[in-house]
1. Any residue in the stretch 71-87 that is buried (at least 18 other Cβ atoms within 10 Å of the Cβ), at pLDDT 95 or above, more than 17 Å from Gly32 (Cα to Cα) and within 16 Å of the ligand (Cβ to nearest atom)?
2. Looking only at strands (runs of 3 or more DSSP E) that fall completely inside the stretch 126-232, which ones have 2 or more residues that are within 13 Å of the ligand (Cβ to nearest atom) and under 18 Å from Glu269 (Cα atoms)?
3. Can you name every residue in the stretch 15-36 that is more than 16 Å from Met66 (Cα to Cα), of a type in the set (Asp, Glu) and in contact with a strand residue (DSSP E or B) (Cβ under 6 Å, 6 or more places away or on another chain)?
4. Given (1) among the β-branched types (Val, Ile, Thr); (2) under 27 Å from Pro289 (Cβ atoms); (3) assigned to a strand (DSSP E or B), identify the lone condition not met by Ile111.
5. Please state which one of Ile231, Ile162, Ile173 is touching a residue at least 60 places away in the same chain (Cβ under 8 Å) and either crowded, with 23+ Cβ neighbours inside 10 Å or acidic (Asp, Glu) (or both).
6. Where the second residue is β-branched (Val, Ile, Thr) and the first is at positive phi and lies in the stretch 241-270, which pairs have Cβ atoms under 7 Å and are six or more apart or on separate chains?
7. Here is a list of conditions, (1) away from the ligand (no atom under 15 Å from the Cβ); (2) under 17 Å from Met287 (Cα atoms), and Ile99 meets all of them except one; can you say which number that is?
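The values are calculated or read from the model by the stated rules, or taken from the named source; none is laboratory data. Since the structure is predicted, the reported quantities are computational estimates derived from the model, not experimental observations. For neighbour counting, all protein chains shown are included, and Cβ atoms are generated from backbone atoms with ideal geometry for every residue, glycine included.
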Amino acid sequence: NRHWVLTDRPKGGNFEQVLSLREEPAPEPGPGEYRVRTIYLSLDPTNAVWMQYDSYLPAVPLNSTMRGLVLGVVDKSNHEKVKVGDLVSGMGGWADYTITDGKNFGRVPNIPGLPLVAFMGPLGMTGATAYFGLLDIGKPKEGETVVVSAAAGAVGSMVGQIAKLKGCRVVGIAGGPEKCAWLTGELGFDAAVDYKAEGWRKALRAACPKGVDVYFENVGGEVGEAVLDLINIKGRIAFCGAISQYNATQPQPGPRNLSILVSRRARMEGFLVLDYNPRLGEMYQEMGPWIAGGKVKWKVDLDQGLENTITSFKKLFTGGNTGKLAVQVSEE
Ligand code: NDP
């Protein structure tokens, strides 16, 4: 059982200095437990937070296996309801194997015609974040303008397409011309703004001639501030994340224009996908056919081998990934 052990709290994104790959015999499940062989390991920006401090989950204890979302197959079971060969996903580790009593795991639903990896991306935690965050918190109405940042990433690419299906004008903000071309060319976004290009604030304003009704915030910092300037009266900001700040070594200042929420009578609300676990069925029902029928396109940026996890993980913070980042740890 190869597994990544967290030996210290990272500072400024020095992940290779605080994680070390160890190997020991595969653990055995105890009474009522089962063992999951990791097939796909999800790499998520929030993993960097888990390494550093207590948040909505406690920080990963030092000298223990790094926590991560896994999708895998049960290869040994002492659990009365779970048998060898079952496909499950849940909170495991950056490891070949996870032992669980099943509390943090669920069965991968059976939707014919979809590859297994779809349940790591568009129909996994990523899809749920986009779906519930946009619809439940952002509440977009037909004809409104929806802006999403980290738009070519896992969550952002889903958000924009769902908003299009709900009849909105959709503007994505992403780093680099290739990502922007993917958004408007392949995914059907109405406009894309490259926040790394000169004059991007002006381009953003031009792309939102009627202002912004819903902003799906993934990055925070300057990008968030620029969108806030354009928020309309009664606008909604679904606060999903702030990746630009996850590796900061000092607390970051909030948006300097926050008081605009007053004059625009706008609302900013954070949410956690974990709270929507009881409602996942709603997502499968609406998104399942969109994904299976190709109405929502998706991409999993899949790297190979548990040993390459850190190199892969760092892509999240440099913009090296397009779509959902994951590592294939073993064969399906
Ligand atoms: P992504 O696939 O979007 O990957 C992260 C992307 O963020 C990168 O590809 C990069 O794209 C962009 N990025 C990185 N650093 C910066 C920066 N300094 N400024 C602007 N953009 C940056 O990741 P996810 O889709 O998994 O996550 C997106 C956001 O959603 C994160 O904030 C994450 O924490 C949050 N999240 C929240 C959940 C919740 O329950 N609230 C659940 C899941 C995710 P680019 O090339 O465009 O810069």
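1. yes
2. Values: elements: 145-149, 169-174, 191-194, 212-217.
Those strands (runs of 3 or more DSSP E) span 145-149, 212-217.
3. Of everything in the stretch 15-36, just one residue is more than 16 Å from Met66 (Cα to Cα), of a type in the set (Asp, Glu) and in contact with a strand residue (DSSP E or B) (Cβ under 6 Å, 6 or more places away or on another chain), namely Glu33.
4. (3)
5. Working: Ile231 fails: touching a residue at least 60 places away in the same chain (Cβ under 8 Å); Ile173 fails: touching a residue at least 60 places away in the same chain (Cβ under 8 Å).
Testing whether each residue is touching a residue at least 60 places away in the same chain (Cβ under 8 Å) and either crowded, with 23+ Cβ neighbours inside 10 Å or acidic (Asp, Glu) (or both) leaves just Ile162.
6. Correct list of pairs: Arg265/Ile233.
7. (2)
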